[in-house]
Amino acid sequence: MHEWSLLIFTLCMQAAIGGTVMLLIFYKKLSKLDPEQQFHVMKLPLVVIAGLSLIGLAASFTHLGSPENALNTIRHLGSSWMSREILVTGMFIAVACGAAGLAFIQKKVNVWLLAAGAVIGLFDIYCMGAIYYNTLVSGWNSINTYTSFYGTAFVLGPILIVSLLVPFLKAKNEELAQAFVKNAFYIALGGIAIQLIGVAIFGITAPEVNQIAGVNVMDALEGYQTTVAIRWMIEIIGIFFIGYLSIAMNKKIPIYFAYGALAVLIFAEGMSRYVFYVMGA
Amino acid sequence: MAQLGFYINNDYCTGCKACVVACKDKNDNEVGVNFRRVYEHSEGDYVERDHAVIQNIQTFFTSISCNHCENPKCVEGCPTGAMYKREEDGVVLVDHDKCVGCKYCVWNCPYGAPQYNEVLGKMTKCDFCIDLISAGENPACVGSCPMRAIEYGPIEELRAKYGNVSDIKGLPNSSITKPNLVITAHRNAK
């Protein structure tokens with residue numbers, strides 16, 4: 001596997017997009033706070049989302065052999081999913097950075113920019129999936145590609161935002177903090193459910209080999225059974241962390257449980273993505 | 001000028017790889033970059049019968065480069081438009097002034113034609129030796145084959161002469177990109 005740039009790019013972008021969607025979902029409840037408090041609570045997540053998208057952008061550049069020609073990549077929108085994805089990713093990054101920048105200037109969060117970021121981001125994940133789905137690589141041309149990508153966004157996004165929001169929110173409004181942790185837990189469970197649907201379909205689809213030197217995906221992944229098993233175990237542990245936090249927060253469970261969950265889930269999703277890129281190696 | 005294509009006499013190919021070496025030499029390619037490749041396809045096994053070990057091994061070789069397809073997926077997927085199909089003869093080329101080196105075409109080609117050049121940071125591929133052809137010479141692979149197993153020309157002429165087979169064992173289904181390729185299949189490749 002030598003696609004570390006793409007692994008970092010997809011994980012960062014999907015986490016940032018999932019985070020934007022979560023911030024939008026939480027926005028209504030956060031608007032109960034006064035605007036200054038709301039800005040104070042939301043500024044770190046906004047900066048982290050913008051930062052993640054910029055890290056993703058930088059990682060994607062390291063994948064290119066001739067990054068000086070990067071602007072050419074949006075010249076073939078008519079038929080190339082990669083062209084479309086690059087344009088939409090660029091739009092998401094602009095909106096994410098714009099939302100963070102504007103929030104700092106105006107000292108309040110612009111919900112319309114958040115909404116635009118969420119919509120553009122969700123479409124961006126579809127474009128990312130379509131890039132791989134439309135190749136001839138055995139295993140990528142499966143619905144699992146889309147469910148894996150959306151699942152990552154809905155697992156990492158909620159946990160990321162909760163880890164960033166709750167430490168600031170807990171002192172001001174503990175009830176709201178607990179509600180957020182619960183919501184994040186349920187949405188992350190939904191993210192895992194989405195991934196499981198893809199895995200189930202993947203398992204019953206006869207893989208095709210459409211490349212002359214291609215390898216059947218089942219053969220390509222034969223040596224990665226332990227990796228896949230460990231990934232799921234770690235993922236369950238991460239979800240257990242956040243689930244425990246959601247029911248036991250008022251028992252003074254330290255917030256680093258959320259950080260632990262985030263770290264564990266990033267690692268699990270990273271392993272999942274590693275196995276994904278093994279198919280195309 | 002009509003669409004150009006290759007004819008491969010799979011039955012004659014001995015797997016000597018003279019075509020690979022000639023192509024590599026002509027294009028001055030780095031180690032690992034091969035515009036034309038020869039694939040060995042083997043099946044069968046040794047079986048023990050009474051006191052004898054009998055084999056039913058079947059092997060044949062297929063020489064493949066870019067097939068300058070009718071529906072090139074590399075062109076369709078290329079985000080920059082660097083990969084394009086030349087109008088006059090249908091040869092698929094890479095414009096290095098546009099290429100960003102994203103390697104997406106590698107995942108889109110059924111025949112392994114796009115070959116990434118790490119030194120250039122660009123995608124490279126068979127250009128049908130258009131410089132040699134315009135000078136009235138054969139492409140390097142065609143000229144070098146000691147078995148005369150590779151020919152080139154307008155694809156309609158090749159099809160009229162040798163038939164329409166472009167699907168043999170070991171090759172991806174031709175319906176994916178409609179390659180401009182005609183093959184006389186080895187008896188074990190049918």
Per residue, accessible area of chain B with a 1.4 Å probe, heavy atoms of protein chains only, in Å², comes to 47
Expressed in nanometres to one decimal, the distance between label points 7 Å along Cα→Cβ at A:TRP112 and B:VAL119 is 5.5
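Taking all protein chains as present, what is the carbon and sulfur share of the accessible area of segment A:169-218, in % to the nearest whole number, probe 1.4 Å?
Working: 1650 of 2570 Å².
Carbon and sulfur together cover 64 percent of it.
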Taking the dipole of segment B:4-184 about the Cα centre (Lys, Arg +1; Asp, Glu -1; charges at Cβ), the one of B:TYR111, B:GLY44, B:GLY163 that reaches farthest to the positive side is B:TYR111
Dipole check, the protein assembly as shown, charges on Cβ (K,R +1; D,E -1), about Cα centroid: among A:GLN106, B:GLY90, A:GLY280 the Cα furthest to the positive pole belongs to A:GLN106
A convex hull over the alpha carbons of chain B yields, per residue, a volume in Å³ of 135
Measure of exposure for A:PHE39: accessible area at 1.4 Å probe, Å² rounded to 10, is 20
Per-residue ellipticity at 222 nm attributable to helices in the protein assembly as shown (runs of n ≥ 4 DSSP H, -39500 (n - 2.57) apiece, nearest 500 deg cm²/dmol) works out to -18000 deg cm²/dmol
HN-Hα couplings for segment A:186-194 via Karplus (6.51, -1.76, 1.60; θ = phi - 60°), in whole Hz with x for Gly/Pro, come out as 5, 5, 5, 4, x, x, 5, 4, 4
Applying the gyration tensor rule to the Cα atoms of chain A (axes a ≥ b ≥ c; rounded if a/c under 1.5, else prolate if a/b exceeds b/c, else oblate), the class is oblate
Counting only protein heavy atoms and leaving out ligands, DNA and RNA, the solvent-accessible surface of B:LYS103 at a 1.4 Å probe, in Å² to the nearest 10, equals 60
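Run the numbers on chain A and let me know its relative contact order in percent, using alpha-carbon pairs under 8 Å that are six or more apart. List each step's numbers first, then the result.
Numbers: 391 pairs, mean separation 65.6, N = 281.
Computed over chain A, the figure is 23 percent.
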Taking a crude spin-label model, label points 7 Å out from Cα along the C-beta direction, the A:ILE255 to A:ALA193 distance in nm is 3.0
Pairs over 29 Å Cα to Cα, from B:LYS122/B:LYS169; B:LYS17/B:LYS98; B:LYS24/B:LYS178; B:LYS103/B:LYS161; B:LYS85/B:LYS169; A:LYS43/B:LYS103, come to B:LYS122/B:LYS169; B:LYS17/B:LYS98; B:LYS103/B:LYS161; A:LYS43/B:LYS103
PRE zone check, label point 7 Å out along Cα-to-Cβ of B:MET1, amide N under 13 Å, scope segment B:111-128, hits B:127-128
Total charge of the residues flanking A:ALA100 in space, meaning their Cβ is under 13 Å from its Cβ, with Lys and Arg +1 and Asp and Glu -1, is +3
Expected integer from the mean partner chain Cβ neighbour count at 10 Å over A:211-218 is 4
Here the residues of segment A:104-129 lying in the modelled label zone of A:GLU36, meaning backbone nitrogen under 14 Å from a point 7 Å along Cα-to-Cβ, are A:107-108
Residues of segment A:40-67 that bury at least 40 Å² of accessible area, probe 1.4 Å, when all protein chains are present rather than the chain alone, are A:HIS63, A:GLY65, A:SER66
Between the Cα axis of helix A:35-63 and the main Cα principal axis of chain A, the angle (0 to 90°, nearest 10) is 20
The simple spin-label model distance between A:ASP219 and B:ARG86, using points 7 Å out along Cα→Cβ, in nm, is 3.6
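The values are calculated or read from the model by the stated rules, or taken from the named source; none is laboratory data. Computed from a predicted structure; not experimentally measured. Glycine gets a Cβ as well: all are built from the backbone with ideal geometry, and neighbour counts include every protein chain shown. We work out accessible area using only protein heavy atoms, side chains counted, and drop any ligands, DNA or RNA first. Shrake-Rupley method; radii C 1.70, N 1.55, O 1.52, S 1.80 Å.
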